[in-house]
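Below is one structure; the comments refer to it alone.
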Amino acid sequence: MLALAGCERKNDQHQMPPQSVGVLTLRTQPVVIHTSLPGRTDAFEIAQVRPQVTGVIEKRLFKEGSDVTVGQQLYQIDASRYQAAYDTARGQLAEAEAGEVTARAKLERYRALVKEHAVSKQEYDDAVAAEKQAQGQILSAKGQVESAQVNLGYTKMYAPISGRISRTLVTVGALVTANQTDNTAIITRLDPIYVDVNLPAITLLRLKRELAEGRIERQPDGEVPVTLTLEDGSGYEHKGHMALSEVNVDTSTASVIVRAIMPNPDKLLLPGMYVHAELEEGTDPNSLLVPQEAVTHNTHGDAEVWVVKPDDTVERRQIQTGAAFGTNWLVTGGLKAGERIVVVGLQKVTPGAKVKPQEISASATPDAPASQNKGQ
């Protein structure tokens, strides 16, 4: 009787109805692939203002920390000695021009007289040489005038670029010298601004391979958009684009420097700031996304999901995941389109058990930015 009762209980267990679980049928969808990397800002243009002539600073004509434009005068150096040199050079030029007039007139007279044998051929040749010498003296004097004029112009120090100027490093009355190594001020162009990030070489190889295989489609304009997250965690409102990538890999970090150009109309970004740059590599048109609540991990840390087979039995399968997109994981291996995975009721299933699958709506958000670098 006990044996018969045990058999009846066993039969009752086998006849228990399948557990109801929520499943999701996987479908491919386009996903924008992002790579998030740390980086630092760098000035788009920077100019060190230095004197090119020696003299005493007479005036400072800018406000420290203000924006200056190219060609704006910044300093005035005492120009008295350079004005005198310029005037002297102009006087020497006038003398040379007067001498050339006399030599030319003499040559014209000798040209007519030599035909009548009124002067010797030697005297005529001397007149030709004297006229040419006078022309050479004019050219030399003109060069002296131009040199003196350049030096006189250098007494007015102008802004070589447009940007924000630093504090002045010299005061009125200070003596500055030509070709000195110390700056008088520094001008930095802040709009736009560079962002330099280190892209791991392995990520660059993966990106090129996926592009070659057609797994990733580039942007229609061919550019790689870049967005920034500031050091305080806030997002930067303007979007830039990648400008270039170095051709050499840094052997110490196994990375390649990638440079982006960011608009900076409000001058919020300053050179040297730490930021996180997010590069939009392109679009993977055949991505598989699975909800994070459907993924568990074994004792080795490997990602696993429960797959519902065509006969409605379940099996545990190990998968490979990439970046997180919203509340979903990007699947890089282990699953294919059309397969069903258990999302709701994971605690009810056991290997080989039969279930009653109920389809649920997908919660994928393919346009959500990646919260993790795919290259990591």
Hey, can you rank 340-347, 122-129 by average C-beta count inside 10 Å, highest first? 340-347, 122-129
Distance in nm between label sites at M273 and V128, each 7 Å beyond Cα in the beta-carbon direction? 7.4 nm
Taking the Cα centre of segment 144-266 as the origin, how large is its charge dipole in debye, to the nearest 20, when only Lys and Arg (+1) and Asp and Glu (-1) carry charge on their Cβ atoms? 160 debye
Express in nm, to one decimal, how much length is gained between E304 and A212 on full extension, taking 0.36 nm for each residue of separation and deducting their alpha carbon distance. 30.2 nm
Between K348 and A201, 0.36 nm times their residue separation minus their Cα-Cα distance comes to what? 48.5 nm
Portion, in percent, of the accessible area of segment 126-193 that falls on carbon or sulfur, probe 1.4 Å: 50 percent
Apply the Debye scattering formula to segment 219-293, with a single equal point scatterer on each alpha-carbon and no solvent, then give log10 I(q)/I(0) at q = 0.15, 0.17 Å⁻¹. -0.71, -0.86
Percent relative contact order for the chain, counting Cα pairs under 8 Å at least six residues apart, stands at 29 percent
Projected label distance in nm at E293 and V172, using a 7 Å step from Cα toward the beta-carbon: 7.3 nm
In nanometres, the difference between 0.36 nm per residue of separation and the alpha-carbon distance of K121 and Q48 is 20.1 nm
Helix 2-14 versus the longest principal axis of the chain: what angle, 0 to 90°, nearest 10, using Cα atoms? 40 degrees
With every protein chain kept in place and a 1.4 Å probe, the chain has an accessible area per residue in Å² of 57 Å²
Modelled FRET efficiency - R0 35 Å, E246 with Q72, Cβ distances, 0.05 increments: 0.50
Based on the Cα atoms of segment 15-125, what semi-axes does the equivalent ellipsoid have, where each is the square root of 5 times one gyration tensor eigenvalue, given in whole Å with the largest first? 86, 31, 10
Percent of alpha carbon pairs in the chain separated by more than 31 Å? 65 percent
Computed FRET efficiency, Cβ-Cβ of E231 and Q180, R0 30 Å: what is it to the nearest 0.05? 0.25
Return the distance in nm (one decimal) between the two label points of a simple spin-label model at Q358 and A105, each offset 7 Å from Cα along Cα→Cβ. 11.9 nm
Check each of the GluC sites (Glu not before Pro) in segment 32-82 and keep only those in coil by DSSP with at most 15 other C-beta atoms within 10 angstrom; list them in order. E64
Cα-based equivalent ellipsoid of segment 272-334: semi-axis lengths in Å, sorted from largest, via gyration tensor: 30, 15, 9
By how many degrees, 0 to 90 and rounded to 10, does the Cα axis of helix 80-115 deviate from the longest principal axis of the chain? 60 degrees
When the solvent-accessible surface of protein heavy atoms is calculated with a 1.4 angstrom probe, in what order do R81, R259 fall, highest first? R81, R259
Using the alpha-carbon atoms, what tilt in degrees (0 to 90, nearest 10) does helix 201-213 show relative to the longest principal axis of the chain? 70 degrees
Could you work out [θ]222 nm for the chain from helices alone, using -39500 (n - 2.57) per DSSP H run of at least four and dividing by all its residues? Round to the nearest 500 deg cm²/dmol. -9000 deg cm²/dmol
With r defined as the distance between the Cβ atoms of R27 and K239 and R0 fixed at 41 Å, what FRET efficiency is calculated, to the nearest 0.05? 0.85
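The values are calculated or read from the model by the stated rules, or taken from the named source; none is laboratory data. As the structure is a computational prediction, the values presented were derived from the model and not from experiment. For neighbour counting, all protein chains shown are included, and Cβ atoms are generated from backbone atoms with ideal geometry for every residue, glycine included. Remember, those area values only see protein heavy atoms, side chains included, never the ligands or the DNA or RNA. Shrake-Rupley method; radii C 1.70, N 1.55, O 1.52, S 1.80 Å.
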